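The values are calculated or read from the model by the stated rules, or taken from the named source; none is laboratory data. What you see is a predicted model; the values in this text were computed from it and never measured. As a convention, Cβ positions derive from the backbone with ideal geometry for all residues, glycine included, and neighbour counts pool all protein chains shown. The accessibility values were calculated without ligands, DNA or RNA, using every heavy atom of the protein model including side chains. Shrake-Rupley method; radii C 1.70, N 1.55, O 1.52, S 1.80 Å.
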Amino acid sequence: MLQQFQQDYKMHSDAIYKYIYYLVGNKEMAEDLTQETFYKAFQYLHTYRQESNVHTWLRKIARNLVYDHFRRKKILRFIPFVHNECIRDETVLPEEFLIKGEDFSALFLALYKIKLEYREAIILRYLEELSVKDTAKLLGWSEAKVKNNTARGLQTLRKHLGEEGLTYE
């Protein structure tokens, strides 16, 4: 069982870190919450059903920890981030990276201006590339709520990007 857990950690830790980073926008906090996610997962390994999806289970733990963190701190809005550690691609030329980096920064700054429910739907649907069904299952929402929050979130995001002079489709 320990060996399987180690394999799961190696396979899913980067994706869980990215997911948390997209939600909190802070490298150190994302590292701490990722570590805590796997600690909780190890503690409750006996509750995991083998027929379930490990990644979905870990993402639920991570999501709950992020919510708990912000509830404890009574933070109503997330602080925008300007670092792009998760997005960097070593095959991109420096000039291309600067242009993309500015666009990504503007996109993520705008993303942090929208409601948490909208942000979460957009992150899972477009950054994590989950289906509507998988997103609904992960968040405990109906598929209709996922579609509505995604559409409303994209509309609000476009508005904020328009204020920055950028457009994304």
**Asked** In region 1-17, which residue that is charged (D, E, K, R) and without any contact (Cβ under 8 Å) to a residue 12 or more places away in the chain is farthest from residue 118 (Cα to Cα)?
**Response** 10
**Prompt:** residue 144: modelled with pLDDT of 75 or more, of a type outside the set (Val, Ile, Thr) and outside the structural domain of residue 17 (by the TED database), yes or no?
**Reply:** yes
**Asked** Which residues, counting only those in region 147-169, are open to solvent by 50 Å² or more (accessible area, probe 1.4 Å), at pLDDT 85 or above and not aliphatic (A, V, I, L, M)?
**Response** 147, 148, 152, 155, 158, 159
**Message:** Out of everything in region 18-43 that is assigned to a helix (DSSP H, G or I) and touching a residue at least 60 places away in the same chain (Cβ under 8 Å), what residue ends up being surrounded by the fewest Cβ atoms within 10 Å (Cβ to Cβ)?
**Reply:** 18
**Item:** Hits in region 124-143 - residues which are assigned to a helix (DSSP H, G or I), open to solvent by less than 60 Å² (accessible area, probe 1.4 Å) and either among the acidic types (Asp, Glu) or free of Cβ contacts under 8 Å to residues at least 12 places away in the same chain (or both)
**Value:** 136
**All positions within region 1-17 that are modelled with pLDDT under 90, assigned to a helix (DSSP H, G or I) and not hydroxyl-bearing (Ser, Thr, Tyr)** = 2, 3, 4, 5, 6, 7, 8
**Message:** Suppose we filter region 44-56 for residues that are open to solvent by 50 Å² or more (accessible area, probe 1.4 Å) and hydroxyl-bearing (Ser, Thr, Tyr); how many remain?
**Reply:** 2
**Request:** Consider residue 114 carefully, then state whether it is at pLDDT 85 or above, part of a loop (DSSP other than H, G, I, E, B) and not polar (S, T, N, Q).
**Result:** yes
